[in-house]
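See below for the structure under consideration.
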Ligand code: HSE
């Protein structure tokens with residue numbers, strides 16, 4: 001949830017924004033959670049001095065350093081919408097979220113930018129309006145909503161309106177991610193999906209997503225093994241991610257309650273409850289990726305209840 005000063009005098013702001021995992025298996029374009037891995041967006045009004053961008057960490061040398069940077073485009077769009085004239089600003093990005101891996105790096109850039117730009121222009125937009133604008137940029141709300149609100153978020157787009165419901169994450173639930181060395185753009189991962197699915201597969205996902213939300217919301221974690229299953233996107237994306245099925249099986253065999261593709265991939269995320277199993281689950285997934293010729297990095301991460309906030 002957005003916190004911090006919102007006065008017209010503020011000229012500089014630093015926002016910390018979490019990585020996110022979207023879909024959670026059956027909740028395609030709907031479910032997401034915030035992870036304990038962060039980017040920092042620092043923004044300063046520098047009247048008359050043009051646009052300056054500096055990047056540290058992930059994306060250094062790859063992200064554009066001019067007004068085409070996603071952070072600049074998001075901020076400029078917000079200022080135009082609220083009628084806030086600007087003639088120069090600088091942005092400093094400290095990025096820990098790897099790009100194009102299914103960990104919400106673009107949602108973090110957009111939400112971090114919109115949160116900062118909103119504060120610098122007097123905080124005229126509500127959180128719901130920021131989410132709507134972030135969803136225009138992303139095309140779907142399932143990363144942007146947990147990046148903004150934190151925790152476990154169910155998002156619905158209906159009649160052009162985005163509604164997001166934040167739910168608590170069961171305190172016992174933990175996650176370990178296997179992040180492959182290669183990038184996969186969301187665009188190509190979406191192009192792999194069919195235009196139509198069968199009623200049977202749609203029903204499978206509706207029932208599993210409903211059980212997943214119920215299990216997480218009530219803490220009935222014994223249902224998670226079934227609830228994380230999906231038939232709408234993972235099987236189609238498997239062709240783009242060598243070893244995906246084996247990595248998911250290896251994580252489950254090592255004790256995870258559920259193993260799913262994180263967002264559009266290629267990262268795989270395993271959810272577990274017994275603290276001591278995290279390392280073994282991670283190693284099992286890493287070995288399974290390696291058996292398919294894919295190097296990966298393992299990260300044990302917490303599931304965090306806070307979203308974007310002033311640092
Ligand atoms: N729900 C989206 C997808 C997440 O799976 O394509 C991508 O960030």
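Values quoted throughout were computed directly from the atomic coordinates according to the rules given, and no laboratory measurement underlies them. For clarity, every value in this text was computed on a predicted model and none was experimentally measured. Neighbour counts run over all protein chains shown; Cβ positions are idealised from the backbone, glycine included.
Pop a pseudo-label 7 angstrom from the Cα along the beta-carbon direction at both residue 291 and residue 87 and give the gap in nm to one decimal.
Going by the 7 Å Cα→Cβ label model, 6.4 nm.
Given that compact globular proteins tend to follow 2.2 N^0.38 Å, what is the ratio of the alpha-carbon Rg of region 153-204 to that value?
Compactness ratio reported: 1.65.
From the mean inverse distance of alpha carbon pairs (Kirkwood) and the Cα radius of gyration, derive Rg over Rh for region 60-109.
1.00
If you bin the C-alpha pair distances of region 1-160 every 10 Å from 0, what whole percents do you get?
Percent of pairs per bin, in order: 12, 43, 34, 10, 1.
First measure r as the distance between the Cβ atoms of residue 235 and residue 80, then evaluate 1/(1 + (r/R0)^6) with R0 = 45 Å and state the FRET efficiency to the nearest 0.05.
0.65
Run the simple label-point estimate for residue 60 and residue 96 please: 7 Å along Cα→C-beta, distance reported in nm.
Modelled inter-label distance: 1.6 nm.
Which distance in nm do the two modelled labels at residue 245 and residue 172 give, with both placed 7 Å along the Cα-to-Cβ direction?
Reported label-point gap for residue 245 and residue 172 is 3.2 nm.
Please compute P(r) over all alpha-carbon pairs of the chain, binned at 10 Å starting from zero, and give each bin as a whole-number percent.
7, 28, 34, 21, 9, 1
Take each of the peptides 14-20, 284-290, 103-109, 305-311, average the number of other beta-carbon atoms within 10 Å over its residues, and list them starting from the highest.
With the highest mean Cβ count within 10 Å placed first, the list reads 103-109, 14-20, 284-290, 305-311.
In region 166-311, how does Rg compare with the Kirkwood Rh, expressed as the Rg/Rh ratio over alpha carbon atoms?
My calculation puts Rg/Rh at 0.97.
Dimensions of region 89-171 along principal axes (Cα, Å, largest first)?
Per principal axis, max minus min of the Cα coordinates gives 35, 30, 26 Å.
Given Cα pairs under 8 Å that are at least 6 residues apart, what percent is the relative contact order of the chain?
Once normalised by length, the contact order is 26 percent.
Defining a contact as two alpha carbons under 8 Å apart and six or more residues distant in sequence, what relative contact order in percent does region 1-95 show?
Relative contact order of region 1-95: 31 percent.
Using only the Cα atoms of region 91-235, construct the convex hull and provide its projected area averaged over every direction, in square nanometres to one decimal.
Mean projected area for region 91-235: 10.7 nm², to one decimal.
Sorted by average packing, counted as other Cβ atoms within 10 angstrom per residue and highest first, what order do 274-280, 221-227 take?
Ranking the peptides 274-280, 221-227 by packing returns 221-227, 274-280.
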